[in-house]
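The values are calculated or read from the model by the stated rules, or taken from the named source; none is laboratory data. Just so it is clear, the structure is predicted and the values come from calculations on it, not from any experiment. Note that each Cβ is placed from the backbone with ideal geometry, even for glycine, and that neighbours are counted across all protein chains shown. Remember, those area values only see protein heavy atoms, side chains included, never the ligands or the DNA or RNA. Shrake-Rupley method; radii C 1.70, N 1.55, O 1.52, S 1.80 Å.
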Amino acid sequence: MATTSDSGEIEGFGQVSRTVGTVFRYLLLAATMFGIVMLGVLLLYVANDAIRPLTADPGWYLVFLLALVVPSAAVGWTVRRRDSEAFNFGTLLVGMLVVSLMFSGGVALLVIDVVPPLVALAYAIGIAVPVGLSVLLTGQAHRISFTPRLAATTALFYLSLFGLPGPVGGALGVPQVVPSLVGAIQSIPVIPVDWMMIAAVVGGGSAAAVGAYAAGIGDRTTGLYAATAAFAATLVAGALGPAVGLGAVPAVVVTAVAFVPTGAYAWRGGFAEEGSPLGLVFAATVVGGALVGALAVDALGFAGPASWVDWGFLTSAHSGTAENAGLYPAIGGSILLMATVAALSFPLGVGAAVYLEEYAPDNALTRFVDVNISNLAGVPSVVYGLLGLGVFVTYLGQSAGTVLVGGATLALLILPIVIISSREAIRSVPSDMRQASYGMGATRWQTVKNVVLPEAFPGILTGTILALGRAIGETAPLIMIGAPNVVFNLPDTLGSKVSAMPLQVYAWSGLFASEDFYTKAVPAGVVVLLAVLLAMNSVAIVLRNKFERTG
Amino acid sequence: MSTDDLATDISKQTENSPRELLTRTFFFLCAGLSIVTTISIVVLLVTEAAKFFTITAPLMGVTGETASLVDFLTGTTWQINSGEFGVLTLVSATVMITLGSAVIAIPLGVATAIYLSEYASKRARSVLKPALEILAGVPTVVYGFFALIYITPALSVVFPSIGTFNMLSASVVVGVMIIPMVASISEDAMSAVPDELRQAGYGMGATKFDVATGIVVPAALSGIFSSFILALSRAIGETMAVTIAAGSRAQFLNPLNPASFLEGSLPMTAAMVQLLLGDITGGGLAYRSLFAIGLVLFVITLIMNVISDFVAQRYREEY
């Protein structure tokens, strides 16, 4: 084929023109760049509309140039030349701080406006106690066989969450005899201060995670010290919070969710073995520069850009005028929806992937499920919306537009994606490892639990986060299930009406269509939505790069 | 796990011990959920759509307003208030979006795939591929807003008669959105072409251009075609971008007349969103028409997915 084409004739041999090839190559490059450049230009436009960088004082730019950009570039360049690993670590650390601050904003929103602190505390204890007890039970596995242990664990959870006889008894008309642990905690006469309860729940969780992380690096003592230090930091933040004008509750949440994990990572990368303090220097320059810059512009009175994405936009509800319209209920709605979607799609998707990869016999049914899943991935999202409307709302009688219905619909939507990516992650676990496990006499479940899932976990997590990123941008299914366009309050139960960020953006650009909304509220909403997506995707990509199987 | 535990486990745990049965059942149910989902979609769409049509409604035991199946499939007016449900109006708009986005996505996507698989250095690939992924990752509602606010005004410089809502800007953004799909599936197909074929081409004195267009592309053709079909099926199901950018007035347009791209109409997906935003009571005629459109949409996309699968399997060159 190739030899008969115009440049390949025998008489032309040796004088092949390179023009066609060169032109073709650059045409291809131009085609590749077309979409990327176009999106880039559009993003610049929307960012310009939303953040309005030209409205800032020139002095503001000058201060940040001197305090942040120049020192960071200088230090970054030096560090990178001496040790590129350290530079990467420093960049990652700064990125982690930014992302975890965003995340802590979400958690703060939850604990302040959605879940009352006492309820959160009650459920945290009510779940922690049976979990602890069942871990103890599992330790006795050689004495007690599986079935009684399962029964005991179930009973513990039931008792702790519902008490005796609980909802089962309630259905039969038997009055409550033993209160549940959760109920008992909620009815205690002395109610501790809000921020202390939140510190116990959020700080406790974060301290436990940090402790486990530190124990993984050092030994148990290190872990214990790290956990204690983390919890102490949270408490100190709660006590000092009001003094710096942040309020105790936000201070506790930000410390526990953002500063403590970032600090643990910094400690590990900077001081523990194979650490690179140079990276810490770089990160400190960036963060310090930003802080100094912010303080300096404040002191010197330089106005920053009059951005539409400001504190008011993030913390107020929809309004008829574009200047006052905010995204707060939509942000909260998106967070709750994502939590529901993750809780539903993660176990179901991973379970299906495990079945198909580890258990399924090679028969017609399996092949059908296989084809079926790839077809489901191609079903338009609006049809999933119809499924939610028809099944959950009309047949099952749920009220339209609630967190539960929206979350379940979106979970079904991303389930095929979660299954497909989890299968890929599970498939990439070398079969030698499975064979070794079976060779030691492990059963299938033991192999899955101890070998396959831990090995595949980073891949599964990456796939799930990317799928959640897809779900957070979906609008059509939410419209289909009747989510309201305008919500003024955060949903506080699974049964309350919910809005979401993309839905709010749609409402502003479709229903409140006016020049004002087009140039103010919608660009701001788009920028926030894209920032959240960017954060989620970069977490997924960092995870993927960190745990990518080498070899 | 200590050896003690292991020994106990080996003696106690067999493939049919309670724990194994429990976990296996759970995993099986998870996998089964996908079939339940499919069945629910099909049953729901078919039963609700059946209640919509005059012919099938008595079978469903539905009395009251219904619509004629023939009018639905052949009518060219979509006016819910006057009870005219001509789905061709919506289909024509969807076809326009599909054609328009194909004109953009197919050449650009294939060119991108050739560049990535044949020309790009490893470094360039590592930058370009994630950048392309971003194109597919931006929420479609954002694309719709871009089309309405930035692209339509830009296009009005070239086409002064363009409407605020028009098919052209919607087609452009949907086209851009599906480029990564065409590119990544085509590129996979091209990368799967064995290197020997390329080396043989070079050995016979072919240039890189000859090898790329004369050897790699023909060898990967089945994958490239299946990427087209998948991407177009995605364009058909695309909802928010066309809802925001293409407008809300349903009118029958000739998809092959380029001038009609300057006008707005109502693709199937946008019609569904519009129906939902109106006052819909469960069980009404408008509510059921939603499922009738949904059924048409589902059947079209399903057929396209199946064809794409078939093309990829049937015409794959085996090496």
So B:Ile104 fits all but one of (1) closer than 29 Å to B:Thr269 by Cα; (2) among the hydrophobic types (A, V, I, L, M, F, W, C); (3) facing another protein chain (nearest Cβ under 7 Å); what number is the exception?
-> (3)
Output for segment B:210-255, where each listed residue is within 12 Å of chain A (Cβ to nearest Cβ), open to solvent by 10 Å² or more (accessible area, probe 1.4 Å) and in contact with a Lys or Arg (Cβ under 8 Å, 6 or more places away or on another chain) = B:Ile215
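Scan segment B:43-58 and give yes if some residue there is open to solvent by 60 Å² or more (accessible area, probe 1.4 Å), within 14 Å of another protein chain (Cβ to nearest Cβ) and in a helix (DSSP H, G or I), otherwise no.
Residues of segment B:43-58 open to solvent by 60 Å² or more (accessible area, probe 1.4 Å): B:43, B:46, B:54-55, B:58.
Still in the running and within 14 Å of another protein chain (Cβ to nearest Cβ): B:43, B:46.
In the following step, the residues that additionally are in a helix (DSSP H, G or I) were identified as B:43, B:46.
The answer is yes, given that some residue of segment B:43-58 is open to solvent by 60 Å² or more (accessible area, probe 1.4 Å), within 14 Å of another protein chain (Cβ to nearest Cβ) and in a helix (DSSP H, G or I).
Quick one: would you say A:Trp267 is aromatic (Phe, Trp, Tyr) and more than 19 Å from A:Ile217 (Cβ to Cβ)?
Against the criterion (aromatic (Phe, Trp, Tyr) and more than 19 Å from A:Ile217 (Cβ to Cβ)), A:Trp267 does not qualify.
If you go through segment A:342-356 one residue at a time, do you hit one that is open to solvent by 10 Å² or more (accessible area, probe 1.4 Å) and more than 12 Å from chain B (Cβ to nearest Cβ)? Even if it seems obvious, please write down each step before you answer.
As a first pass, look at segment A:342-356 and keep what is open to solvent by 10 Å² or more (accessible area, probe 1.4 Å): A:342-344, A:346-348, A:350, A:355-356.
Filter again for more than 12 Å from chain B (Cβ to nearest Cβ), leaving A:342-343.
Yes, the conditions are met somewhere in segment A:342-356.
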Qualifying position, being among the hydroxyl-bearing types (Ser, Thr, Tyr) and either in a loop (DSSP other than H, G, I, E, B) or free of Cβ contacts under 8 Å to residues at least 12 places away in the same chain (or both), among A:Tyr158, A:Tyr213 = A:Tyr158
Which number in (1) outside the structural domain of A:Phe259 (by TED's automatic domain parsing); (2) surrounded by fewer than 18 Cβ atoms within 10 Å (Cβ to Cβ); (3) farther than 28 Å from A:Gly105 by Cβ marks the one condition that A:Phe162 misses?
-> (2)
Among (1) part of a loop (DSSP other than H, G, I, E, B); (2) under 22 Å from the mean Cα position of the chain (by Cα); (3) of a type outside the set (D, E, K, R), the one test that B:Ile97 misses | (1)
Considering only segment A:378-407, state which residues are more than 8 Å from every other protein chain (Cβ to nearest Cβ), of a type in the set (S, T, N, Q) and more than 24 Å from the chain's Cα centre (by Cα).
-> A:Gln398, A:Ser399
Looking for whichever is open to solvent by 30 Å² or more (accessible area, probe 1.4 Å) and either more than 20 Å from A:Leu410 (Cβ to Cβ) or touching a residue at least 40 places away in the same chain (Cβ under 8 Å) (or both) here; the options are A:Val522, A:Val498, A:Val526, A:Val532. Which one fits?
-> A:Val532
Filter segment B:182-209 down to residues that are among the aliphatic types (A, V, I, L, M) and open to solvent by less than 50 Å² (accessible area, probe 1.4 Å) and give me whichever is nearest to B:Ala235 (Cα to Cα).
-> B:Val182
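Only one of these is at pLDDT 90 or above and either within 9 Å of another protein chain (Cβ to nearest Cβ) or not in a helix (DSSP H, G or I) (or both): A:Thr3, A:Thr32. Name it. Let's see the steps before the verdict.
Working: A:Thr3 fails: at pLDDT 90 or above.
Checking each option against the conditions leaves just A:Thr32.
Quick one: is B:Leu73 open to solvent by 30 Å² or more (accessible area, probe 1.4 Å), within 23 Å of the chain's Cα centre (by Cα) and either modelled with pLDDT under 90 or among the basic types (Lys, Arg) (or both)? Give the steps one after another, and end with the answer.
On the way: open to solvent by 30 Å² or more (accessible area, probe 1.4 Å): yes; within 23 Å of the chain's Cα centre (by Cα): yes; either modelled with pLDDT under 90 or among the basic types (Lys, Arg) (or both): yes.
So B:Leu73 fits the description; yes.
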Search segment B:1-42 for residues being more than 9 Å from chain A (Cβ to nearest Cβ) and at pLDDT 90 or above, and hand back the single one that is farthest from the chain's Cα centre (by Cα).
-> B:Thr25
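Give me the helices (runs of 4 or more DSSP H) completely within segment A:380-477, filtered to those with at least 2 residues that are crowded, with 23+ Cβ neighbours inside 10 Å, ordered by residue number. Walk me through how you get there before you give the answer.
Values: elements: A:381-387, A:403-427, A:431-439, A:444-447, A:453-472.
Per the criteria, A:381-387, A:403-427, A:453-472.
Of all residues in segment A:30-45, which are surrounded by fewer than 17 Cβ atoms within 10 Å (Cβ to Cβ) and within 12 Å of B:Gly109 (Cα to Cα)? Break it down stepwise before answering.
Narrowing segment A:30-45 to residues surrounded by fewer than 17 Cβ atoms within 10 Å (Cβ to Cβ): A:30, A:33, A:37, A:40-41, A:44-45.
Passing the criteria: A:Ala30, A:Met33.
May I ask you to say which residue of A:Thr321, A:Thr262, A:Thr285 is touching a Pro at 6+ places or on another chain (Cβ under 6 Å) and more than 30 Å from A:Ala408 (Cα to Cα)? Let's see the steps before the verdict.
Details: A:Thr321 fails: touching a Pro at 6+ places or on another chain (Cβ under 6 Å); A:Thr262 fails: touching a Pro at 6+ places or on another chain (Cβ under 6 Å).
Only one candidate qualifies: A:Thr285.
A quick yes/no check of all residues on (1) aliphatic (A, V, I, L, M); (2) modelled with pLDDT under 90:
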| site | (1), (2) |
| --- | --- |
| B:Ile151 | yes, no |
| B:Ser156 | no, no |
| B:Ser161 | no, yes |
| B:Val172 | yes, no |
| B:Val176 | yes, no |
| B:Met181 | yes, no |
| B:Met190 | yes, no |
| B:Pro194 | no, no |
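So, of the residues in segment A:358-372 that are part of a helix (DSSP H, G or I) and more than 10 Å from every other protein chain (Cβ to nearest Cβ), which turns out to be farthest from A:Ile112 (Cα to Cα)? Walk me through it before giving the result.
Just the residues of segment A:358-372 that are part of a helix (DSSP H, G or I), to begin with: A:358-359, A:364-372.
Those still in the list that are more than 10 Å from every other protein chain (Cβ to nearest Cβ) too: A:364, A:367.
On the way: A:Ala364: 52, A:Arg367: 48 Å.
Looking at the filtered set, the residue picked out is A:Ala364.
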Could you check, for segment A:92-110, whether at least one of its residues is outside any helix (DSSP H, G or I) and either in the same structural domain as A:Ala200 (by TED's automatic domain parsing) or open to solvent by less than 60 Å² (accessible area, probe 1.4 Å) (or both)?
-> no
